[in-house]
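Scroll down for the structure; my scribbles are underneath it.
The values are calculated or read from the model by the stated rules, or taken from the named source; none is laboratory data. Not measured: the values here are computed from a predicted model. These area figures cover heavy atoms from the full protein model, side chains too; ligands, DNA and RNA do not enter into them. Shrake-Rupley method; radii C 1.70, N 1.55, O 1.52, S 1.80 Å.
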Amino acid sequence: MVAPAPLFDLLRTAAALLLGYLAGSLPLATWIGRAAGVDARHDGEANPGSANVWKLAGPGWGLLALSGDLAKGVVPVAIAVVTFGWWTGWATAVGVLAGACWPMIGRWSGGRGVATLAGVCVALAPLAGVAGLAVAAVVA
């Protein structure tokens, strides 16, 4: 007997949300900050994001943390889009952003999710995402 398509779609969407959330929960900027010798959760703005790592440890470590946060948005969403389609990529994106802002790791205190959102935008709409990154780089 073949499983009904709506049930499969529901399970795929739930798995995409969960796996996206788990990927977004990884505190990459915090780990990179620790490797640089700073604690981004308690020092500076007490924000575990790449901007705080940049301020505390310098631009080299900050760019590495930014790259990690961007990749945290791009990689899982791009895998979902290529493997299952655009709508599953959107479900993964919602999970990734929720995980970045309210992570399971770190007692629910996440960052603002701006870099992760930029990565998600690049994965879902590459031309618009890259154009947005270029505008942000010029403004910054």
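Sorted largest first, the spans of the alpha carbon positions of the range 33-140 along the three principal axes are 40, 34, 19 Å.
Summarise the accessible area of the chain (1.4 Å probe, protein heavy atoms) by the percent that is carbon and sulfur.
Values: 6080 of 7990 Å².
Of all accessible area on the chain, carbon and sulfur atoms account for 76 percent.
Of the residues Thr88, Thr83, the one with the largest accessible area comes first in the ranking Thr83, Thr88, computed with a 1.4 Å probe on protein heavy atoms. Helical runs assigned H by DSSP (4 residues or longer) give the chain a calculated mean residue ellipticity at 222 nm of -24500 deg cm²/dmol, each run adding -39500 (n - 2.57) before division by the residue total.
Accessible area ranking (1.4 Å probe, heavy atoms, ligands and nucleic acids excluded), largest first, for Arg41, Arg112: Arg112, Arg41. Among the DSSP helices (H) of the chain, those spanning at least 27 angstrom by Cα along their long axis with an average Kyte-Doolittle hydropathy of 0.0 or more are 5-24, 59-84; this is a geometric and hydropathy rule only.
Annotation: Ile105 carries an accessible surface of approximately 80 Å², with a 1.4 Å probe and no ligand, DNA or RNA atoms counted. Normalised per residue, the accessible area of the chain is 57 Å², obtained with a 1.4 Å probe and no contribution from ligands, DNA or RNA.
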